[in-house]
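Some notes on the structure that comes next.
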Amino acid sequence: MNEYLGLLIGILIVIVVILVVSFLSFKHFKTNKTILNDSKNVLNKYGQLIYKKPYYEYELNGEKYLLTFFYAPTKAKVKFNSMLIWEKRTSYQTDLENMMSFSTQKGKKIVIIYPNEGPYMYHYDEREILFTKPYQPIWEMHVVGYHELEEALEKGFKK
């Protein structure tokens, strides 16, 4: 009888752990989905957003931009090592993203980073690392955190 009680308690603990992990994963997914939908609504409020695989085209004040959403975990540090290589660094892992297909496209670009709120860094030259500002482009890209998107669109981008 005691063996069955121990087995039953073990099974219940495993089920509870699975339910908690599933709930947290779903909540995380829902939060990111909400951020993306809210960002798209803000973009459409100030301009026109059109999805063209694998990126978006965005028209703001008569200017066209290529736009992408870049996922970076909340606690990660985001650094643009070059126009092509973007880095997400957490306490336990560094991910280097090859963004050549986006970065080499002609024209102006907007990168919206979510859910990370920055600050975001880039290599200005071999010796100097600077922080990005939504209004000042780096390599013809405006880097904007999702949380500052509406303010950036209201003020507009430098040409």
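The values are calculated or read from the model by the stated rules, or taken from the named source; none is laboratory data. This is a predicted model, so every value here is computed, not measured. All Cβ positions, even for glycine, are placed from backbone atoms using ideal geometry, and neighbour counts span all protein chains on display.
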Please verify whether the range 37-59 includes one or more residues that are touching a strand residue (DSSP E or B) at 6+ places or on another chain (Cβ under 7 Å) and either small (Gly, Ala, Ser) or modelled with pLDDT under 90 (or both). yes
Can you find a residue that is part of a loop (DSSP other than H, G, I, E, B) and either touching a residue at least 40 places away in the same chain (Cβ under 8 Å) or surrounded by fewer than 17 Cβ atoms within 10 Å (Cβ to Cβ) (or both) anywhere in the range 106-115? yes
Please indicate, with yes or no, whether at least one residue in the range 63-74 is free of Cβ contacts under 8 Å to residues at least 40 places away in the same chain and out of contact with any Asp or Glu (no Cβ under 8 Å at 6 or more places or on another chain). no
Every listed condition ((1) loosely packed, with under 11 Cβ neighbours inside 10 Å; (2) part of a helix (DSSP H, G or I); (3) not acidic (Asp, Glu)) holds for Leu153 save (1)
Does Lys64 meet the test of being more than 17 Å from the chain's Cα centre (by Cα), surrounded by 11 or more Cβ atoms within 10 Å (Cβ to Cβ), closer than 19 Å to Glu150 by Cα and at pLDDT 85 or above? yes
Run Asn98 past the list (1) more than 15 Å from the chain's Cα centre (by Cα); (2) over 24 Å from Asn41 (Cα atoms) and report the number of the one that doesn't hold. (1)
What number of residues within the range 97-129 satisfy the criterion of being within 20 Å of Leu149 (Cβ to Cβ) and of a type in the set (Asp, Glu)? 1
